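First comes the structure, then the notes that go with it.
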Amino acid sequence: MEMTYSQAINAALREEMKRDDTVYILGEDVGIFGGCFGVTAGLIQEFGPERVLDTPISETAIVGSAVGAAAAGLRPVAEIMFMDFMTVCMDEFFNQAAKMRYMFGGKVKVPLTLRTVCGAGLGAAAQHSQSLEAWFTHMPGVKVVMPSTPADAKGLLVSSIRDDNPVIFIEHKMLYGVTGEVPEGEYTIPLGKADIKREGRDVTVVATSLMVHRALVAAETLAGEGIEVEVVDPRTLVPFDKETLLQSVEKTGRLVIVHEAVKNSGFGAEIAAIVAEEGFDFLDAPVKRVAAPFAPVPFSPPLEAAYVPSEEKIIEAIKSLF
Amino acid sequence: MANIVLMPKLGLTMKKGRITGWLKNEGDRVEQGEPLLEVMTEKVNVRVESPFTGVLYKILCPAGSTLPVSVPVAVIADEGDDEASLEAAVSEALAALQEALAGGGKEEERKKEARPVKPFVVFAGERKVSPRAARLARKEGVDIGLISGSGPGGRVVEEDVRNYLEQLKGGQSYQVLPIDGMRAVIAERMSASRKQAAHVTIMEEVDVTALRDVREQLNAQDSSGRIKFSYTDLLVKFTAEALTEFPMVNSRSSENEIFLPGSVNIGVAVALENGLVVPNIKNAHQLSLEQISTKVKDLATRARNNELDPEDVENGTFTISNLGMFGAEGFTPIINRPETAILGVGTIRTKPALVDGRLEKRYFMTLSLSFDHRIIDGSLAAEFLSRLKEMLEDPYPWFGLQPQKNEDLLISAGGGKSPRQIRRAYKDGINRLMETAPDVVMGFSALTEGIFFDDGAVSRLNKELIAVALSVYIKCEYCITAHIYKAMELGATPEQILEAANVAVFFGGGAALAYTATLVQDCIEAFGGN
Amino acid sequence: MAPNKEEMLDMYRKMLLIREFEETVANLFSQGQIPGFVHLYVGEEAVAVGVCSNLGDKDYIASTHRGHGHGIARGASVEKMMAEIFGKIDGYCKGKGGSMHIAAVELGFLGANGIVGAGLPLAAGAAFANKYLKNGGVAVCFFGDGASNRATFHEALNLASIWKLPVIFVCENNMYGISMSQERHQNINDIADRAVAYGIPGVSVDGNDVMAVYEAAAEAIKRARAGEGPTLIECKTYRFRGHFEGDACVYRSEEEVNEWKKKCPIQRFGTSLLEMNIASREELDAISAEVKEQIKNAVEFARKSPYPDVSELTTDVYCD
Ligand SMILES: Cc1ncc(C[n+]2csc(CCOP(=O)(O)OP(=O)(O)O)c2C)c(N)n1
Ligand SMILES: [Mg+2]
C-alpha cells in the first residue's frame, strides 16, 4: 500500500495501541493538534485523552514520567517535538532510562519508546534542525533507530514499541511527506538488521535517514558513468549490523559514509572505526565521510543548503576513491 | 500594478495543497486580510487571507486543483490598472504557472555531464598500496613493488594486482566475435576488393600546443632531470586510453574471427638499419606514464641491439608509427596484421591560428589512422580518431595540470610589437631578400614607387600591404596570416588585401598565389572581412 | 513618573511598528518569500512596548521564539531585523539566526530563543552580571504561559529570589502554548500566584493595556534597581494569529479570536490618546503613514541585501 512516512508511523502507533492497551502516547500537542508535524493526527479521537496525553511544556516530566511508568508496567511512547529539545531531558533519558536495568541488577524493564525529529531543510535554524543521533549511540542501555522509508518506519516502530528496552526513534522532518510502498497488515522489522537499499559492486555507501535518499540519487547518476554503488542503510545504529557492513565492504573494497550530523565524532567515525578494526584488509581506498561541517545549522537558505550533504558532494567523495 | 496571489505555504512541511474553494468570485472586491480561498493541506482545511487589497481579476487555478506552494493562483487588480496591463500580468502568471508545473526537465539537463576524466599516473615512484591490494599480493606471493598503481594518487589497488597476475599467467583474455551477418558480407566484399586487409586511411590535424605545454610541465616535475617524456610516450598513453573506449579498434582478426583482447598492447615501430621491428608495450592502458617511457626506451634499445624476446613482439593489439621524427607530415601506414589498425604520427609544425580572438602561433601534428575496413567501419575509426584528438587537445585534466601562460604564442606581425621593431624587421627582411633575390625587391620597389625605402612618407598600413604581397610571393603561411591580421587591424579592406596579394603575380608568383589563394581568403574571413 | 506626551506617542508608534512589521512578515511568509518558521506577536504589542519603554542603556532583555516585538520595542532597526528574517547578510545575525534567533546584543537584546523557557536563567545571569558590576542595570525576561511549566522557570525564579537579582520576569500569558490552553496546561488562573512559592512579588495586569503594563514594569524595575530583587509580572493577552504561520488554529474558536480582536491594544491606546487629548486624529494618522513607509523600506532593504557567502558557514563558531 502506498503511504507517506508520516502515515506509516501513525499506522504503527494505531496498530500497537489496538494490540496492547498498556501502550499510550504522551507529548506536547500530540492530541487535538495531531503533533507539530501531524504524525499523531486522529489518535486522540480513536483512543481518547486517557491514552493520548497532551502535556505541558515540560520535557523533563514527559520523559521522566514515562520512565517511571515503563518501570511500573506500561509501554509509553513519548514524543519530543524536536530532537534539539532532548537537551532539556537528558538526565531522565541518560541517567535514568538507560541505566536503570543495569543498576538494578537486571531486575527491571524500561520498555519506553521515545519518538523525536531530526534534520535540517526547513530553515528552522540552529535549535530546531540538529541531528544528534551520535549522542545516543554513546549510551549503553539505549537502542537507536533511524528509519529512512515509510515501510521501515512502520516495521521498526512496531519493533521499538514491543522492545523491552528504552528506544529512541529518530524521524526526519524532510521525510514525512515521502511516499513508499508499505506491506499490508501487521509486520515487524528486527532492530539491528541493516538493509541494502541498492546493490552494487564498486563502492559501499552507508547512509542514514534522509541521506539514504541522496545516496540513492548519487548511485543512479554514477551508474551512468559505470560506477556501481551499493547503498547500505543501517536503519538502527544501536544495535548495529556489523555483518552486513563488513560483507558489503569485503565485496566492494571501498566505503563512503554519509550522515547529516556534523562530521566530528559523528556516527560515521564509529562505522569507519569498525571497518578499520575488522575489515582493514578489505579496503582498496581510504574511508571517506560526507557530513555536515563543524558548525551549528545556519538559517539562511543558501547556507543551509550548503550545510547538508548534497548528491553532488556524495558523488565527489565516491569519485575520489577511484 | 496588478498583484499575483501565490499558493500559500501553510504549515511546516507543506509542499503542495488542494484549492477546495474560492470565497470570492472574479470581479469581487477583496480587502487585505479578508478570506480569499480555502486550501486543503495534508492535515487541515485552511482559509487563506488575501495578501492584497483590490479586485479579484482572474482566478488562474479553479477549485479542485492540487498545486505546489508558491505558484501563481490568482491575479488581483489594483486601482487604476488598465485592461492591457492586467492581461499582461495574467499571461505572465500563467506562463510562470506552466513552467512551475512542467518543472523537472532542467534537472535532467544539469545531470548530463561530459565524459569523466580520471587523471593518469605520471610517476609511479613512491607507491601507496591499499590494504586490500596488499592482502591479495601477500596471498599470491607477488612482489607489490613490481606493480604500478592506478588508484587515486597512484595507489596500487586490488585491480592492479589482479591485472598483474593475469599478465604473469600470460593469460590473454579475449572475446571471440563471429564474423557473420552483415560483418561477413562486409568482410567478403572488402577482402574481395583487396587481397588482405582493406586499407583505408583517415587523417586529422591535431593542435598539440597544449600537449607541448603539458610535456614541458611534466618534464619540469621531475627535478632529477632523469626523465624526459617524449611525444611518443604521451601518444602511447592517450592512445591506450582511447582504445579502452573503442575496443574494436584494439582488435585482432583472422579470416573469419575477430578477437577482442582484454588488454591494450601497443606496438611502437622502431626503425632499424636494415628494416623495421614492432615490439609492443603490454597493458599500456594500466601503466603510469613513467613506466611507459621507460618501457619505450628499453624496447627501442633492445630492438637496436637485436636483443628483443619473442614475447616482446607477440600479441600486439595496435601499432603507432612515428615518422614525424623523420620529418614526414602525413602518410598512409600499413596495418601490422593481425592487428586491425595503425596510427601514423606526423611531424609537428607551427602555424598561426585564431584562439579566442587573438592570433597565436600554434603547434600542429597530423595523425593518420589506417584501418582494416573489413573489421572497422569508417565512422567508428573517425570517432576513435576524433576522440584521440579531443584528448590530445585538452590533456590538462588527465594530469591534473593547468595551462601555463605563454606569451610566446602571441603573434605580432612583422616580428615585433612597437613600430620601430616592425620597421627594423622589414628592413632586415628586405636586406636579406636583396642578397638572394635582388630583382624581386627591385620589382616591388618599382611597383610601389620606391616607397619601401622612403620611411617617412609611407603609412604603416601601406607597409603592411606590401608585406602581405611579399609574403604571398615567398609562400610563407606564417607571414601571410600575420601580415593580413595586422593589416586588417590597421584598417585594410578585403579588396586592398586581395589587390596586394595579386601584386605577387607580376613577379612570377602565379604559382605562389594559387598555392596561397585559399589561405588569403581564409584569413580575410577569419579576421572579420568577407 | 508617568510618561510625557512625546514618550506616549513613541509608545504608540512602536506598537504600530510591531503590528505593521508582523503583518508584513505574515504576508511575505504566505507568499513563500520567507524561509523557516515565524511566530508573530500581533495582539501582544502592549506587553513588549509597555515594559521596554522603561529600560535604559545598561539593561538587558531576553526573549522567546515570538521575539520580533521585543526587538522592535527595544529599539532594534526594522531593516536589519527584516533582513535577518529573509536570511540576508545585512541582518542582525548575518542571516545565520533567522526569526527565532534574532539578537542585538549591542542594544542589550540577548536574543529570541528557540528553546521555550531558556531565557529565564539567561536573564537571571545578565542581572547577576549587572549586580556584580554594580552598574545599576536590570534584566527583563519575556516568556509565555507555556514556558511557566518548564523547570527553568522554577529554578530561575528561586535563584533570582535568594540572590536578590535585579531581574523582572514578564510572563506573556496569551492563554495558549501552541494548542494547549492555559486551563489544560496548569491548574491556576493567575501565573503571578507562583511568585508566592519563591517569596517574591507577583502581579497580574491587563496585558492589552499598555499603560497598565508600563506602570507595573516601572514599579518592578524601581524595586530591582533599588536592590530589592526580582518581580514576576503576568500580562494577560492574546495572540491574534496562529502559533506559527500556517497554524490552522483547530484548538480555539473563531468567536474567541474575534472577542479578543475587539480588545486590540493599539486601538485601545489610540482611543485613549484621543480621549485624553494627548494626540489628534491627524497626528495618529501621520504616525501610521510613517510606520507603513518605514516597513516598506525595511522590506526593500532586506530584498536588496545579498545572501551570505557560503564561506560564512564555518565562521563565528569560535572566537578567533
Ligand atoms: C523546550 C522546548 N519545548 C518545546 C518547544 C516547542 N514549542 C515552541 S513554542 C511552544 C509553545 C510556547 O508556548 P508559550 O510559552 O505560552 O509561548 P507562546 O507561543 O504562547 O508565545 C512550544 C511547545 C520548544 N521550542 N522548546
Ligand atoms: Mg502562550
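The values are calculated or read from the model by the stated rules, or taken from the named source; none is laboratory data. The structure presented is a predicted model; accordingly, all values stated were derived computationally and were not measured. Glycine also receives a Cβ, built like all others from the backbone with ideal geometry; neighbour counts cover every protein chain displayed. These accessible areas exclude ligands, DNA and RNA; they are computed on the full protein's heavy atoms, side chains included. Shrake-Rupley method; radii C 1.70, N 1.55, O 1.52, S 1.80 Å.
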Mind listing whichever residues of segment C:72-93 are surrounded by fewer than 21 Cβ atoms within 10 Å (Cβ to Cβ) and within 13 Å of another protein chain (Cβ to nearest Cβ)? C:Ile89, C:Asp90
Give the residue that is nearest to ligand 1 (Cβ to nearest atom), with candidates limited to residues of segment C:170-192 that are in a helix (DSSP H, G or I) and in contact with a Leu (Cβ under 9 Å, 6 or more places away or on another chain). C:Ile191
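Between A:Ile62, A:Ile57, which is hydrophobic (A, V, I, L, M, F, W, C), at pLDDT 95 or above and assigned to a loop (DSSP other than H, G, I, E, B)?
Numbers: A:Ile62 fails: assigned to a loop (DSSP other than H, G, I, E, B).
That would be A:Ile57, the only listed residue that is hydrophobic (A, V, I, L, M, F, W, C), at pLDDT 95 or above and assigned to a loop (DSSP other than H, G, I, E, B).
Among the residues of segment A:269-298, write down those that are part of a loop (DSSP other than H, G, I, E, B), within 23 Å of the chain's Cα centre (by Cα) and farther than 25 Å from A:Glu220 by Cβ.
Taking segment A:269-298 first, the residues part of a loop (DSSP other than H, G, I, E, B) are A:279, A:283-287, A:293-298.
Those still in the list that are within 23 Å of the chain's Cα centre (by Cα) too: A:287, A:293-298.
Matches in segment A:269-298: A:Pro293, A:Phe294, A:Ala295, A:Pro296, A:Val297, A:Pro298.
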Determine which member of the set B:Glu158, B:Glu140 is modelled with pLDDT of 65 or more and surrounded by fewer than 14 Cβ atoms within 10 Å (Cβ to Cβ). B:Glu140
Working only within segment A:236-259, note down all residues that are in contact with a helix residue (DSSP H, G or I) (Cβ under 6 Å, 6 or more places away or on another chain) and either within 15 Å of A:Thr208 (Cβ to Cβ) or not assigned by TED's automatic domain parsing to the domain that holds A:Ser310 (or both). A:Leu237, A:Leu255, A:Val256, A:Ile257, A:Val258, A:His259
Confirm whether C:Asp57 is more than 29 Å from B:Gly33 (Cα to Cα), open to solvent by 30 Å² or more (accessible area, probe 1.4 Å) and out of contact with any Asp or Glu (no Cβ under 8 Å at 6 or more places or on another chain). yes
Those residues of segment A:291-319 which are open to solvent by less than 40 Å² (accessible area, probe 1.4 Å), more than 9 Å from chain C (Cβ to nearest Cβ), under 30 Å from A:Ala125 (Cβ atoms) and touching a residue at least 40 places away in the same chain (Cβ under 8 Å), in sequence order: A:Ala292, A:Val297, A:Val308, A:Pro309, A:Ser310, A:Ile314, A:Ile315, A:Ala317
Filter segment C:142-171 down to the residues that are open to solvent by 10 Å² or more (accessible area, probe 1.4 Å), in contact (Cβ under 8 Å) with a residue 40 or more places away in the chain and within 13 Å of ligand 2 (Cβ to nearest atom) and list them by number. C:Gly144
Restricting to segment A:89-120, and then to whatever is buried (at least 22 other Cβ atoms within 10 Å of the Cβ) and of a type in the set (Val, Ile, Thr), can you tell me which residue is nearest to ligand 1 (Cβ to nearest atom)? A:Val117
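Report, by residue number, each residue of segment C:174-194 that is more than 7 Å from every other protein chain (Cβ to nearest Cβ) and either under 12 Å from A:Phe33 (Cβ atoms) or near ligand 2 (Cβ under 9 Å from one of its atoms) (or both).
Looking only at segment C:174-194, we keep the residues that are more than 7 Å from every other protein chain (Cβ to nearest Cβ), and these are C:174-176, C:181-183, C:187-194.
Correct list: C:Asn174, C:Met175, C:Tyr176, C:Ser181, C:Gln182.
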What are the residues in segment A:258-268 that are more than 14 Å from chain C (Cβ to nearest Cβ) and assigned to a loop (DSSP other than H, G, I, E, B), if any? A:Ser265, A:Gly266
Only residues that are open to solvent by less than 50 Å² (accessible area, probe 1.4 Å) and within 13 Å of chain C (Cβ to nearest Cβ): list them for segment B:21-51, please. B:Gly33, B:Pro35, B:Leu36, B:Leu37, B:Glu38, B:Val39, B:Thr41, B:Val44, B:Val46, B:Val48, B:Ser50, B:Pro51
Subset of segment A:38-88 [among the aromatic types (Phe, Trp, Tyr) and away from ligand 1 (no atom under 12 Å from the Cβ)]: A:Phe47
Is it true that A:Gly105 is assigned to a loop (DSSP other than H, G, I, E, B), closer than 30 Å to A:Pro140 by Cβ and away from every other protein chain (no Cβ under 14 Å)? yes
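Can you tell me how many residues within segment A:1-31 are closer than 24 Å to A:Cys89 by Cα and in a loop (DSSP other than H, G, I, E, B)? Before the answer, list the steps.
Step one: filter segment A:1-31 for residues closer than 24 Å to A:Cys89 by Cα, giving A:9, A:13, A:22-31.
Now narrow it down to the ones that are in a loop (DSSP other than H, G, I, E, B): A:22, A:28-31.
Adding up the residues that qualify gives 5.
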Filter result (farther than 15 Å from B:Thr317 by Cβ, of a type in the set (Asp, Glu) and open to solvent by 10 Å² or more (accessible area, probe 1.4 Å)) within segment B:224-256: B:Glu255
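Of all the residues that make up segment C:119-128, how many are buried (at least 23 other Cβ atoms within 10 Å of the Cβ) and out of contact with any Pro (no Cβ under 9 Å at 6 or more places or on another chain)?
Keep residues of segment C:119-128 that are buried (at least 23 other Cβ atoms within 10 Å of the Cβ), which gives C:119-120, C:123-124, C:126-127.
Filter once more, keeping what is out of contact with any Pro (no Cβ under 9 Å at 6 or more places or on another chain): C:119-120, C:123, C:126.
The number of residues fulfilling the criteria is 4.
Being acidic (Asp, Glu) and at pLDDT 70 or above, is that true of even one residue in segment B:116-137?
Of segment B:116-137, the ones acidic (Asp, Glu) are B:126.
Keeping just the survivors that are at pLDDT 70 or above gives none.
The answer is no, given that none of the residues of segment B:116-137 is acidic (Asp, Glu) and at pLDDT 70 or above.
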Looking only at segment B:71-91, count how many residues are exposed (fewer than 12 other Cβ atoms within 10 Å of the Cβ) and assigned to a loop (DSSP other than H, G, I, E, B). 3
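Within segment C:210-237, how many residues turn out to be open to solvent by 50 Å² or more (accessible area, probe 1.4 Å) and not basic (Lys, Arg)?
The qualifying residues number 4.
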Residues C:Ala218, C:Ala195: which one is out of contact with any strand residue (DSSP E or B) (no Cβ under 6 Å at 6 or more places or on another chain) and either more than 12 Å from ligand 1 (Cβ to nearest atom) or acidic (Asp, Glu) (or both)? C:Ala218
Restricting to segment A:204-257, count the residues that are among the polar types (S, T, N, Q), open to solvent by less than 20 Å² (accessible area, probe 1.4 Å) and either more than 14 Å from chain B (Cβ to nearest Cβ) or in a strand (DSSP E or B) (or both). 5
The condition from (1) away from ligand 1 (no atom under 16 Å from the Cβ); (2) more than 9 Å from chain A (Cβ to nearest Cβ) that C:Ala112 misses is numbered (1)
Among the residues that make up segment A:152-161, is at least one of them assigned to a loop (DSSP other than H, G, I, E, B) and surrounded by fewer than 23 Cβ atoms within 10 Å (Cβ to Cβ)? no
For C:Leu120: the one exception among (1) more than 11 Å from chain A (Cβ to nearest Cβ); (2) closer than 21 Å to C:Ala46 by Cβ; (3) within 16 Å of ligand 1 (Cβ to nearest atom): (2)
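Just give me the residues in segment A:100-118 being farther than 14 Å from A:Gly64 by Cβ and touching a residue at least 40 places away in the same chain (Cβ under 8 Å), in sequence order.
At the first step, the residues of segment A:100-118 found to be farther than 14 Å from A:Gly64 by Cβ are A:101-109, A:111, A:113, A:115-118.
Within segment A:100-118, A:Arg101, A:Lys109, A:Pro111, A:Thr113, A:Arg115, A:Thr116, A:Val117, A:Cys118 meet the criteria.
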In segment C:132-140, is there at least one residue being away from ligand 1 (no atom under 16 Å from the Cβ), in a helix (DSSP H, G or I) and either more than 13 Å from chain A (Cβ to nearest Cβ) or open to solvent by less than 10 Å² (accessible area, probe 1.4 Å) (or both)? yes
